[in-house]
Every structure is written in structure tokens, then in C-alpha cells.
1. Can you sort Y117, Y111 so the residue with the fewest Cβ neighbours within 10 Å comes first?
2. Please tell me the relative contact order of the stretch 59-164 in percent, rounded to the nearest whole number, where contacts are Cα pairs under 8 Å and at least six residues apart.
3. What ranking do M138, M90, M1 get, fewest neighbouring Cβ atoms within 10 angstrom at the top?
4. Note down the magnitude of the dipole of the chain about its Cα centre, charges +1 on Lys and Arg C-beta and -1 on Asp and Glu C-beta and zero elsewhere, to the nearest 20 debye.
5. Using the charge dipole of the chain (Lys, Arg: +1 at Cβ; Asp, Glu: -1 at Cβ; taken about the Cα centre), state which of A137, Q6, V121 has its Cα farthest towards the positive end.
6. I'd like the Karplus ³J(HN,Hα) series for the stretch 16-23: coefficients 6.51, -1.76, 1.60, θ = phi - 60°, whole numbers in Hz, and an x wherever there's a Gly or Pro.
7. Using alpha-carbon pairs under 8 Å, 6+ residues apart, how would you state the relative contact order of the stretch 1-139 in percent?
8. Using the C-alpha atoms of the chain, what convex hull volume per residue, in cubic angstrom, is computed?
Amino acid sequence: MKITPQCVVALTWTLKDTLGDVLDELDEPVEFLVGGNDLLIKIEEALQGHEAGDKLELHLEPENTFGDYDENLVFLEARNIFPAELEEGMTFDGAALPAGANGKIPHDHIYTVTEIYPEHVVLDGNHPLAGIAIRLAMKVESVREATAQEIGRDSLGTGFFKLESLTSGNDTLH
């Protein structure tokens with residue numbers, strides 16, 4: 001079966017930056033809904049017409065992935081409003097930041113704790129791959145028809161590097 005909109009594709013991949021450093025590897029196939037919200041548009045476009053066993057290599061610029069880095073999404077917040085067990089890399093939903101957080105922080109982002117100091121915490125609302133061109137070597141492991149339920153949800157729940165807040169119980173990138 002060839003990949004078309006509204007099908008499910010299982011992929012493995014190696015994701016690198018332009019210097020060749022590995023950012024992520026999927027050794028075991030992960031399923032994504034093509035035509036939903038699981039994959040970046042440029043990846044979906046490249047997959048069209050391919051079938052199981054095909055290998056693709058893509059070079060994606062920031063404007064086709066997670067955008068440019070926006071320094072206006074970096075905030076300093078008081079350390080004392082966060083839990084004692086706070087660690088770098090933890091994420092918080094902008095709509096569920098601790099009481100006392102800056103009211104000007106946009107609520108429609110996920111914020112990553114990038115640095116912790118005795119008096120303040122640095123929160124970054126940029127995606128960790130914002131501003132980075134990426135190289136993606138992927139293999140189509142399988143293709144199948146999507147069910148009506150999968151199409152109705154617009155996702156299989158496994159997005160391509162979509163951040164989810166720890167408040168929803170997920171701290172992974174993919």
C-alpha cells in the first residue's frame with residue numbers, strides 16, 4: 001500500500017542536526033497518522049506515494065519545523081514558587097504555571113526549565129529544536145488504512161517532537 005492522506009505509517013528514523021550530531025533515534029517503529037496532527041507538513045509531503053521498505057532523507061530548515069528561536073519566550077521566575085524537587089528539563093504548561101508566576105507569560109506554550117539558580121528559574125517557551133535545521137533519515141516500516149476513530153482523533157497520540165507538559169504525565173519529546 002502506498003502512503004496517502006489519512007493512512008497510518010510506521011516509521012523508524014535517525015534525526016541529526018546539520019553538524020551530524022544525533023538528536024533522536026527511533027529504532028523500533030512508531031505509528032503516525034498521515035493527514036492528522038502527528039507529523040510535520042514537509043515530512044508528510046515527502047512520504048506521499050512511498051510504501052513499506054522505502055527510505056527517505058530530508059533536510060528541513062527551521063521555518064519547516066519548529067520555527068526560529070524567539071528570545072521573547074524566555075522568562076525568569078522566582079525559584080520559591082516552584083516545587084523543591086525542580087530539575088532542569090522539566091516542563092510546565094503555560095496555563096498551569098505555579099501561583100505567583102509572571103502574568104505576562106503566554107499561556108499557549110509549554111515551558112522548559114533550562115536553568116535553576118538559588119533565586120530564580122529560567123523558563124523557555126521555545127521548542128527545544130527551534131532555530132535548528134535538521135536532517136532526518138527515515139524508513140517506512142509499514143503502511144495501513146487509518147480507522148475512522150483514528151481519523152476522528154486527528155492523531156495516534158504520537159506527535160513528531162511535540163512537547164507535552166509534565167502536568168499531563170509525559171516528559172518525552174516524541
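None of the figures in this text is laboratory data; all of them are computed from the coordinates on show. Quick caveat: nothing in here was measured; it's all calculated off a predicted structure. Every residue, glycine as well, gets a Cβ built from its backbone with ideal geometry; the counts of neighbours run over all protein chains shown.
1. Y117, Y111
2. 34
3. Numbers: M138 21, M90 18, M1 11.
Fewest-to-most Cβ neighbours within 10 Å comes out as M1, M90, M138.
4. Details: 11 positive and 33 negative charges, 74 e Å.
Using Cβ point charges on Lys, Arg, Asp and Glu, the chain gives about 360 debye.
5. Of the options given, the answer is Q6.
6. So the Karplus estimates, Gly and Pro as x, are 10, 7, 6, 8, x, 6, 6, 9 Hz.
7. RCO, the stretch 1-139: 31 percent.
8. With only Cα atoms used, the chain gives 127 Å³ per residue.
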